[in-house]
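> Encoded as structure tokens, here's the structure I'll be asking about.
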Amino acid sequence: MGLFYAFGIELNTVTLAALIVTLGMIVDNSIVIIDSYLEMLGEGMSRWHASIESTTHFIKSIFSATLAISITFFPFLFTLTGMLNEFVLSFPWAISIVLGTSLLVATLLVPFMQFWFIRKPMAVKKTEGKKPFNFLELLQKQYDWLFDKCFAHPKITVTVGVVSIVVGAVMLTGLPQRILPVADRNQFAVEIYLPTGTDVDITAQVADSMEHILRQDPRVVSVASFKGCASPRFQTSYAPQIPGTNYAQFIVNTTGVEATEALLDEYTPKYTDYFPGARVRFKQLCYSDAAYPIEVRLSGEDLEVLKHDAQAVLEELKQIPELILVQTDFNEPLPAVAVNLKEDEATRLGVTNLGLESTLAMRYGDGLAIANVWEGDYRIPVVLKSTKADRAFSADVEDELIPVAGGLENVPLRQVADVEPAWEEGQIVRRNGIYTVSVQAELERGMNAMQMTVRVQEVMKDMQLSDGVTLSYGGEQEKTDEDMPQLMSGLMLASVIIFFILLAHFRKISIALLIFGSLTLCLFGTAFGILIQGVDFSITSILGVVSLMGIIVRNGIIMIDYAEELRAAEHLSASDAIYHSARRRMRPIFLTSAAASMSVIPMILGRSSLLMPMGTVICYGTLITMVFLLTVLPCMYLLIFRGTSERREKWDALEKQ
């Protein structure tokens, strides 16, 4: 924490997650060194030499493992943009500081502490001729039995590992995805929409009724209301709405996160269509900035054709019971007047289309700016427009005086033009200059946006759109399509970095590829944990996968390093070396994996939509992958390097010449 303060890293949700993730990892390096120290003491080595030897023997391994865990998060700082980049900005630095400090403690402080406090090997006490219960010894015995079975049939064991990879990959593709989860806050928003052009007093009446209902609930602490306008931006991903007389918004503060969930579950189905002519949207705050989770976009050059197809899509989506508040972004039609110039009369009086449009636009539009009034730092424009600009009937427009003869005289508009009542679109939307109608929908509580998008896409496959109309998807689908390539790019770069760390450590491509390939063993544990806990696969899940990859690399280095040492120093065959290495390194691998998995249990128990996916991946992935690593990896090593001892000795002799 002192280093966090020194480097200006604040304690927030992300850095707190990094601290929880590394809570079990910070003792891993010390576990490995102390375990080796106890082994050397048992072999009769002095405390002084055992303390030095246990540290120097593993310093290269634990440095590479620590580097693999910490540095692999930094590629995300380069591949992610926007809000995702801001989200993970402090995570790699927090991980690196904690693990770097752990490495320094393990290599500089632990040797002195173990020398001072551990003066003799651990003795086994006997009670009435029987050994007391020891969990680690029982675990070692059970593992030895399992490993002997697996080692006797290496091809079957490796086949089981490959099958688990395939099954895990298939399970991952079927998991519910939500890149940016909902925010666990004691707040939620309420948006009230009435037909376009509704008087603000009517909007206020509906808003006051809804506010009164909310304030009567004891779970509601306070309600901030905005009528005819939107709230300021109080969360990065929640953008304010465009003000309008038909719009009102509440920010509701509750007694806690659980109260927020309960209120939304209760109020959403009850009050969404409670008020006639009004749409009430209860919105849980989310880290995603998609306006609506489901959005079907139709684009084309012919506006009437687009409106026809959009109506057909609208009716189809309304048939899906899990979708609510289905609408288009063109809003309701507005009453208007059509002004058609009389050619003969207008020509005689010198009235042109351009002049008439300019006059009417000035009087009934935004007006003519004539001055500015300043109130402190706020500029208030003063404009000149008709007294009936905000509310006028067609008869008022007909009686509007139009200047003629260079402004010397004025005549009523009805004298030079036909004024007829008409209906126009409340809003026309263009994307990249092309007419686009978006059919938007909200989801029932508890539904996954990506799964519902797949269902909507299946419905759209059976629809025949008009010629010239193109179909695309917005909402969560669009955000996922934008964010997922960035996340996958970061994950690929992290994998490349891990490979080069392994290559630099072992200086053998074959061993680097072996441990690198074993990273895929985490797929089954990752998918199984997410499936069991019922969480979504999110950005924090991917960060958990990267952490899991680092843990696998560390355990792989611990095991393979010892096997390579036995082959070089004791001249054992590949089979004997990996057999003894797996049995000997089971205990430190189990202890470090157990510490890493148990440390994230608070994430799971907290049931945070942001942190729980990461904790789930690390906890389940570490424990399940540990079993595969202790059984499948030695068998893979045996199949790849069996019979290579003689060739290796020849190469070593050749290098010495």
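The values are calculated or read from the model by the stated rules, or taken from the named source; none is laboratory data. Values in this document were obtained by computation on a predicted structure and should not be read as measured data. Note that each Cβ is placed from the backbone with ideal geometry, even for glycine, and that neighbours are counted across all protein chains shown. What goes into the accessible areas is simple: the full protein's heavy atoms, side chains included, and nothing from ligands, DNA or RNA. Shrake-Rupley method; radii C 1.70, N 1.55, O 1.52, S 1.80 Å.
> Apply the Karplus curve 6.51 cos²θ - 1.76 cosθ + 1.60, θ = phi - 60°, to the phi angles in the stretch 330-336 and return the couplings in whole Hz, x for Gly and Pro.
Those phi angles translate into 7, 6, 7, x, 10, x, 8 Hz.
> Quick check: residue separation of Val257 and Ala569 times 0.36 nm, minus the Cα distance between them. What number comes out in nm?
Numbers: separation 312, 0.36 × 312 = 112.32 nm, distance 5.94 nm.
Net length gain for the segment: 106.4 nm.
> Sticking with this structure for a sec: So, by mean Cβ neighbours within 10 angstrom, what's the order for 338-348, 357-367 with the highest one leading? Before the final figure, lay out the partial values.
Working: 338-348: 13.3, 357-367: 15.3.
For the peptides 338-348, 357-367, the packing ranking is 357-367, 338-348.
> So for the stretch 573-648, taking the charge dipole from beta-carbon charges (+1 Lys/Arg, -1 Asp/Glu), which of Met603, Leu623, Ala582 sits furthest toward the positive end?
Ala582
> Taking Cα pairs under 8 Å and at least six residues apart, what relative contact order does the stretch 384-472 come out at, in percent?
On the way: 34 pairs, mean separation 12.1, N = 89.
Relative contact order of the stretch 384-472: 14 percent.
> Could you give the length gained on full extension between Glu10 and Val383, defined as 0.36 nm per residue of separation minus the Cα-Cα distance, in nm? Let's see the in-between values first.
Values: separation 373, 0.36 × 373 = 134.28 nm, distance 4.81 nm.
Extra length from Glu10 to Val383 when fully extended: 129.5 nm.
> Please give the solvent-accessible surface of His153 in Å², to the nearest 10, using a probe radius of 1.4 Å with every protein chain present.
The accessible area of His153 comes to roughly 100 Å².
> Given H placed on each backbone N at 1.01 Å, which residues far from Val220 in sequence or on other chains put an amide H within less than 5 Å of it?
none
> Evaluate the charge dipole of the chain about its Cα centre and quote only its size in Debye, nearest 20, assuming +1 on the Cβ of each Lys and Arg and -1 on the Cβ of each Asp and Glu. Before the final figure, lay out the partial values.
Numbers: 52 positive and 71 negative charges, 947 e Å.
Approximately 4540 debye in magnitude.
> Also: Which value in deg cm²/dmol, rounded to the nearest 500, describes the helix-derived mean residue ellipticity at 222 nm for the chain, given -39,500 (n - 2.57) per DSSP H run of n ≥ 4 and division by the residue count? Present the calculation step by step, with values, prior to reporting the outcome.
Values: 26 runs with 372 residues, N = 657.
After summing the helix terms and dividing by residue count, I get -18500 deg cm²/dmol.
> Dipole of the stretch 75-210 (Lys/Arg Cβ +1, Asp/Glu Cβ -1, origin at the Cα centre): which of Ala106, Gly174, Thr81 lies farthest to the positive side?
The residue sitting farthest along the positive end of the dipole is Ala106.
> With Cβ to Cβ distances under 15 Å as the rule, what net charge do the other residues near Tyr435 carry (K, R +1; D, E -1)?
On the way: positive: Arg297, Lys307, Arg430, Arg431; negative: Glu301, Asp302, Glu304, Asp309, Asp329, Glu424, Glu425, Asp467.
In short, -4.
> Read phi for every residue in the stretch 407-420 and hand back ³J(HN,Hα) as whole Hz from Karplus 6.51 cos²θ - 1.76 cosθ + 1.60, θ = phi - 60°, with x for Gly and Pro.
x, 6, 9, 10, 10, x, 4, 5, 6, 10, 8, 8, 10, 10
> Counting Lys and Arg as +1 and Asp and Glu as -1, each charge on the Cβ, what is the dipole of the stretch 1-151 about the Cα centre in debye, to the nearest 20?
560 debye
> Any aspartates and glutamates with Cα under 13 Å of the Lys227 Cα? List them, leaving off those in the same chain fewer than 8 positions away.
Partners found: Glu191, Asp199, Asp201, Asp208, Glu211.
> When the Karplus curve 6.51 cos²θ - 1.76 cosθ + 1.60 is applied with θ = phi - 60°, which whole-Hz ³J(HN,Hα) does each residue of the stretch 518-532 get, with x for Gly and Pro?
Karplus values, whole Hz, x for Gly and Pro: 5, 4, 5, 5, 7, 4, 5, x, 4, 5, 5, x, 5, 5, 5.
> Put a dot 7 Å past each Cα toward the Cβ at Val163 and Asn186; how far apart are the dots in nm?
Inter-label distance under the simple model: 5.2 nm.
> How many nm separate the modelled label positions at Ile213 and Ala291, each set 7 Å beyond the Cα in the direction of the Cβ?
2.5 nm
> Put a dot 7 Å past each Cα toward the Cβ at Met83 and Ile601; how far apart are the dots in nm?
3.5 nm
> What is the local net charge at Ala577, summed over the other residues whose Cβ is closer than 9 Å to its Cβ (Lys, Arg +1; Asp, Glu -1)?
On the way: positive: Arg567; negative: Glu564, Glu565, Glu570, Asp576.
Summing Lys/Arg as +1 and Asp/Glu as -1 gives -3.
> For Tyr435, which sequence-distant residues (separation of 5 or more, or a different chain) have an amide H within less than 5 Å of its own amide H, given hydrogens modelled in the peptide plane?
Residues meeting the criterion, in which the H sits 1.01 Å from N, are Gly300.
> I would also like to ask the following. According to the square roots a ≥ b ≥ c of the eigenvalues of the Cα gyration tensor, what is the shape class of the chain, taking rounded for a/c under 1.5, prolate for a/b larger than b/c otherwise, and oblate for the remainder?
Details: a/c = 2.95, a/b = 2.64, b/c = 1.12.
Since a/c reaches 1.5 and a/b is larger than b/c, the shape of the chain is classed as prolate.
> Still on this structure, please answer the following. Skipping prolines and chain starts, which residues have an amide H placed within reach, meaning under 5 Å, of the one on Val411, given they are 5 or more residues away or on another chain?
Counting only residues 5 or more places away or on other chains, the set is Ile402, Val404.
> Relative contact order (percent) for the stretch 59-124, with alpha-carbon contacts under 8 angstrom and 6 or more residues of separation?
Details: 20 pairs, mean separation 24.4, N = 66.
Relative CO of the stretch 59-124 lands at 37 percent.
> Using a Förster radius of 51 Å, what is the FRET efficiency between Gln415 and Ser489 based on their Cβ-Cβ separation? Nearest 0.05, please. Please report the intermediate quantities before stating the final value.
Values: r = 68 Å, r/R0 = 1.32.
Efficiency computed from Cβ-Cβ geometry: 0.15.
> Using a Debye calculation, one point per C-alpha and no hydration shell, please list log10 I(q)/I(0) for the stretch 391-525 at q = 0.13, 0.21 Å⁻¹ in order.
Scattering profile of the stretch 391-525, log10 relative to I(0): -0.90, -1.30.
> Also, I was wondering about something else. Checking the cross-link filter: which aspartates and glutamates have an alpha carbon closer than 15 Å to that of Lys479, excluding same-chain neighbours under 8 positions apart?
Asp289, Glu295
> For Cα pairs less than 8 Å apart in space and 6+ apart in sequence, what is the mean separation divided by the residue count of the chain, i.e. the relative contact order in percent? Display every interim value, and only then the final one.
On the way: 982 pairs, mean separation 137.2, N = 657.
Answer for the chain is 21 percent.
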